[in-house]
Each structure stands twice: as C-alpha cells, then as structure tokens.
Amino acid sequence: MSRVDHHRRNTRDRVARQGSDNILDFGLPGGLTPPRQRVTKASLRAELETATVQITRLIHCQCGHRATVAIPASWRGRMLKCSKCDARVPA
C-alpha cells in the first residue's frame, strides 16, 4: 500500500469546486488600520535642523539698553525681557 495525502487532495478538489476568494478584494477588516509609514532618518534630521536654527537679533529697549541675542527660529515674534529694566521687548 502507498501513503496518499488525502487532505491535500481534498483541499484541491474543494477549491476547484467552490473557488477561492482573494483576501485583498475584501479590504481591511473592521477596526484595523493600515500600518504607518516609518519616518526616515533624513526627514528627522531635516526637522531637527529647522528646529534648532538660530536667529541673531539686535534688540533695543526703552531704557536705552541694546543687546544682540541668538534665539531659536521658533521664538521669532515672542516678547523678551530686558535684563536691565525688566521691560518686555519684541524679538
């Protein structure tokens, strides 16, 4: 007697009779989201570089005090405090 894998043969016959469905035709099951794209190192480096860009400003205060300051680009337009008279000065 020879050994026959009836399970494999039955599976082939069933697929031939009933057909098979492609999973991609149904889309994602409910509640699942597609995997997020991984952020590349180059884009992270570019983002870090733009966040740490320094701007040099010459600030004039009401008391006559002048100062040259290097501030991050994100601080542009903020109010800075004078170290002499504590007055608020726009950057």
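The values are calculated or read from the model by the stated rules, or taken from the named source; none is laboratory data. Owing to the predicted nature of the structure, the values given are computational and were not obtained by experimental measurement. In this analysis, Cβ positions are derived from the backbone assuming ideal geometry, glycine residues included, and neighbour counts consider all displayed protein chains.
Across the stretch 63-91, what is the number of residues that are of a type in the set (S, T, N, Q) and in contact with a strand residue (DSSP E or B) (Cβ under 8 Å, 6 or more places away or on another chain)?
Here the count works out to 2.
Output the number of residues of the stretch 64-83 satisfying the condition of being closer than 12 Å to ALA51 by Cα, among the hydrophobic types (A, V, I, L, M, F, W, C) and not in a strand (DSSP E or B).
Residues that pass the stated criteria total 2.
Give the number of residues within the stretch 65-90 that are under 30 Å from the mean Cα position of the chain (by Cα) and surrounded by 14 or more Cβ atoms within 10 Å (Cβ to Cβ).
Residues flagged as under 30 Å from the mean Cα position of the chain (by Cα) and surrounded by 14 or more Cβ atoms within 10 Å (Cβ to Cβ) within the stretch 65-90 amount to 2.
Only residues in the stretch 35-61 that are among the aliphatic types (A, V, I, L, M) count as the first member; pair them with residues that are assigned to a helix (DSSP H, G or I), Cβ under 6 angstrom, at least 6 apart or cross-chain, and list the lot.
Final answer for the pair search is VAL53/ALA73; ILE55/ALA73.
Six or more apart or on different chains, Cβ under 9 Å: which pairs go from a residue in the stretch 67-91 that's hydrophobic (A, V, I, L, M, F, W, C) to one that's part of a helix (DSSP H, G or I) and surrounded by 11 or more Cβ atoms within 10 Å (Cβ to Cβ)? Could you list them?
ALA91/TRP75
Here is a yes/no grid of residues against (1) modelled with pLDDT under 85; (2) surrounded by fewer than 11 Cβ atoms within 10 Å (Cβ to Cβ); (3) among the hydroxyl-bearing types (Ser, Thr, Tyr):
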{"site": "ASP21", "(1), (2), (3)": "yes, yes, no"}
{"site": "PRO35", "(1), (2), (3)": "yes, yes, no"}
{"site": "THR40", "(1), (2), (3)": "no, yes, yes"}
{"site": "LEU48", "(1), (2), (3)": "no, yes, no"}
{"site": "THR52", "(1), (2), (3)": "yes, yes, yes"}
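Quick check on my filter: what residues within the stretch 27-52 are within 30 Å of ARG76 (Cα to Cα) and not in a helix (DSSP H, G or I)?
Once the filter is applied, which keeps residues that are within 30 Å of ARG76 (Cα to Cα) and not in a helix (DSSP H, G or I), the stretch 27-52 yields VAL39, THR40, THR52.
Quick check on the stretch 11-26. Is at least one of its residues out of contact with any helix residue (DSSP H, G or I) (no Cβ under 6 Å at 6 or more places or on another chain), within 30 Å of ARG78 (Cβ to Cβ) and either in a helix (DSSP H, G or I) or not hydroxyl-bearing (Ser, Thr, Tyr) (or both)?
Within the stretch 11-26 (the criterion being out of contact with any helix residue (DSSP H, G or I) (no Cβ under 6 Å at 6 or more places or on another chain), within 30 Å of ARG78 (Cβ to Cβ) and either in a helix (DSSP H, G or I) or not hydroxyl-bearing (Ser, Thr, Tyr) (or both)), the answer is no, since none of the residues qualifies.
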